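The values are calculated or read from the model by the stated rules, or taken from the named source; none is laboratory data. Since this is a predicted model, take the numbers as computed values, not measurements. A quick note on method: Cβ atoms are made from the backbone with ideal geometry, for glycine too, and the neighbour counts reach across all protein chains shown.
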Amino acid sequence: MTMPTPDTIRASAARTPSLKSKLPAVGTTIFTVMSTLAAEKGAVNLGQGFPDFDCDLKLINAVLDAMNRGLNQYPPMTGVPVLREAIAAKLARLHGHSYNANLEITITAGATQAILTVILAIVHPGDEVIVLEPCYDSYVPNIELAGGTAVRVPLIPGTFRPDFDKISNAITPKTRAIIINSPHNPSGTVWLEADMLKLQDILAPTDVLLISDEVYEHMVFDGQLHYSSARFSGLAARAFIVSSFGKTYHVTGWKVGYVAAPAALSAEFRKVHQFNVFTVNTPVQYGLAAYMADDRPYLDLPAFYQRKRDLFRSGLANTRFKLLPSEGSYFQCVDISKVSDLNEADFCKWLTTEVGVAAIPLSAFYGNGFDQRVVRFCFAKKDETLNTALDRLARL
């Protein structure tokens, strides 16, 4: 009999146990796929939503100053007081709602972590959460991780406005929450005051909570207002309002955001937050607080991005794309029906490979892959980047 050698024993023991996936339907996201393809083909990447320009040097210097002052150890779990106070003051100034900085504002590691933490805090197995499609791709996996069920309600195709009859009909005794997003990713639609009032009326007789994703709050165009859930007492009383410094100040890689919610809701949120990330980068928090002393960077943001939107739309007008409205965010959607017979996903791959511009298919934002011949571009880019992309798209 041949005796096993130590090497044989080690090899037989080196087996990775199998496991049952909590997200069996989740694979590589379309954003990773398209960004990888864009890099391979040398294409202009207008797919993934991030700026290719630098933030204000004053903000970087404010963070460096905090580092140099020795503010490099753990901050409070809820966030440094001076930043929470600055956020509370801003919300009161813009939306007329007073949040207690100590009890109702929490600093998070970006908006995506904030949304996951909200859902883990409030959703129990068997609960339902209404999502309005097309929607940001983290919503549904977050709900599933919490043991809940996502109830998908489509926005009206073509306009992407809320269908309140369908929203109302989707509410059941199992409904724990609804997620809304305005300005909307991916469509660029902005909810109106009448929309928010209608939602308030629908939710009033229920115990349904509201997750209000407002990361593009300062990118609203053509003189429109951003109607935050904080502006409406009936919504604010049940809402977790989520925002992102990364979007507002062009620092998406810093991953810092916040949640504003009534004290009782914030207390439950913080129970999960403290065991999720515990806390967030200290010098960045102090730097953001110092930078927020000047309102102009976010007050000037609508005009900043509207100019880029108009530049991009003007160039696209010379193509066979049909331009859909872009009321807010930094996204422009186009109908490809007169350009190609391909479906959205194949068209985006063709556009990246053959034309040299990457976009994202809207079907990626639907659970059933609903294809309405629409793709999304991101115009949060340098003018020269946009002009290069437009030069290539001109052949269409």
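For segment 58-126, the helices (runs of 4 or more DSSP H) that sit wholly inside it and include 2 or more residues that are β-branched (V, I, T), within 28 Å of S138 (Cα to Cα) and modelled with pLDDT of 95 or more are 110-122.
A count restricted to segment 310-343 and to residues that are outside any strand (DSSP E or B), crowded, with 24+ Cβ neighbours inside 10 Å and of a type outside the set (A, V, I, L, M, F, W, C) stands at 3.
Only residues that are surrounded by fewer than 19 Cβ atoms within 10 Å (Cβ to Cβ) and within 20 Å of the chain's Cα centre (by Cα) were counted across segment 34-50, and they come to 2.
Anything in segment 121-135 that is buried (at least 20 other Cβ atoms within 10 Å of the Cβ) and within 26 Å of G369 (Cα to Cα)? List them, or say none.
Answer for segment 121-135, where residues must be buried (at least 20 other Cβ atoms within 10 Å of the Cβ) and within 26 Å of G369 (Cα to Cα): V123, E128, V129, I130, V131, L132, P134, C135.
Output the residues belonging to segment 138-195 that are aliphatic (A, V, I, L, M) and assigned to a loop (DSSP other than H, G, I, E, B). Residues satisfying the conditions are A146, L155, I156, I171, V190, L192.
Condition check: in contact with a His (Cβ under 8 Å, 6 or more places away or on another chain) and of a type in the set (D, E). Does E217 satisfy that?
Working: in contact with a His (Cβ under 8 Å, 6 or more places away or on another chain): yes; of a type in the set (D, E): yes.
Yes; evaluated as a whole, the condition is true for this residue.
Among the residues of segment 90-98, are any farther than 29 Å from Y330 by Cβ and in the same structural domain as V251 (by TED's automatic domain parsing)? Scanning segment 90-98, I find at least one residue that is farther than 29 Å from Y330 by Cβ and in the same structural domain as V251 (by TED's automatic domain parsing), so the answer is yes. Answer yes or no: is there a residue in segment 351-373 that is of a type in the set (D, E, K, R) and either in contact with a Cys (Cβ under 8 Å, 6 or more places away or on another chain) or in a helix (DSSP H, G or I) (or both). The answer is yes, given that some residue of segment 351-373 is of a type in the set (D, E, K, R) and either in contact with a Cys (Cβ under 8 Å, 6 or more places away or on another chain) or in a helix (DSSP H, G or I) (or both).
Restricting to segment 365-390, what's the tally of residues that are surrounded by fewer than 20 Cβ atoms within 10 Å (Cβ to Cβ), in contact with a Lys or Arg (Cβ under 8 Å, 6 or more places away or on another chain) and among the charged types (D, E, K, R)? Within segment 365-390, residues that are surrounded by fewer than 20 Cβ atoms within 10 Å (Cβ to Cβ), in contact with a Lys or Arg (Cβ under 8 Å, 6 or more places away or on another chain) and among the charged types (D, E, K, R) number 1.
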